[in-house]
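Comments concern the structure below.
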Amino acid sequence: MEQNRQNGVSRRGLIRGGLLAVVASGAAMVGFAGTASAAVVNLGLDKQGAKRIQRWILTMYGYKGAIDGALGAGSWKAMQRYLATWPGQPSPYKGKIDGVVGPKTIVALQANLKKFHGYTGALDGVAGSGTKAAFRRKAYSNPAV
């Protein structure tokens with residue numbers, strides 16, 4: 001069974017769970033059709049990096065899930081709250097707090113990464129290699145779990 005290298009989700013599991021996923025230019029756009037578990041979108045982070053992000057959003061932005069290294073909808077809802085409400089955020093997230101890692105989430109994340117973590121690319125809503133590298137820097141600037 002073929003698996004996505006970034007998040008370990010199999011195509012069969014996505015189809016059986018009723019989860020529809022479209023991957024374009026390295027950015028995952030996730031939506032739900034019926035009941036399904038949340039998709040994991042780690043944006044290139046390894047498990048330890050994702051755990052660092054989860055530990056950080058746990059204390060500040062209402063993440064209540066497990067520190068498991070899998071950035072699912074709960075993790076991304078907390079990240080969206082951070083991107084929408086943090087006073088120094090250069091381009092606040094203005095979408096629905098839904099845990100979907102779409103272009104609005106990526107643009108707000110890119111703006112944050114540009115200001116604080118060395119991202120030099122465009123604010124284009126596409127999680128390419130530059131966005132992923134800066135997200136890794138953000139993750140590893142947080143304490144170890």
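The values are calculated or read from the model by the stated rules, or taken from the named source; none is laboratory data. Since we're looking at a predicted model, the values are computed, not measured. Calculation scope for accessible area: heavy atoms of the full protein, side chains included, ligands and nucleic acids excluded. Shrake-Rupley method; radii C 1.70, N 1.55, O 1.52, S 1.80 Å.
Overview of values
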| read-out | value |
| --- | --- |
| Accessible surface of the stretch 28-140 [probe 1.4 Å, protein heavy atoms]: carbon and sulfur percent | 57 percent |
| Computed over the stretch 52-145: relative contact order in percent, which uses C-alpha pairs under 8 Å that are six or more apart | 24 percent |
| Probe 1.4 Å, accessible area per residue of the stretch 60-127, Å² | 45 Å² |
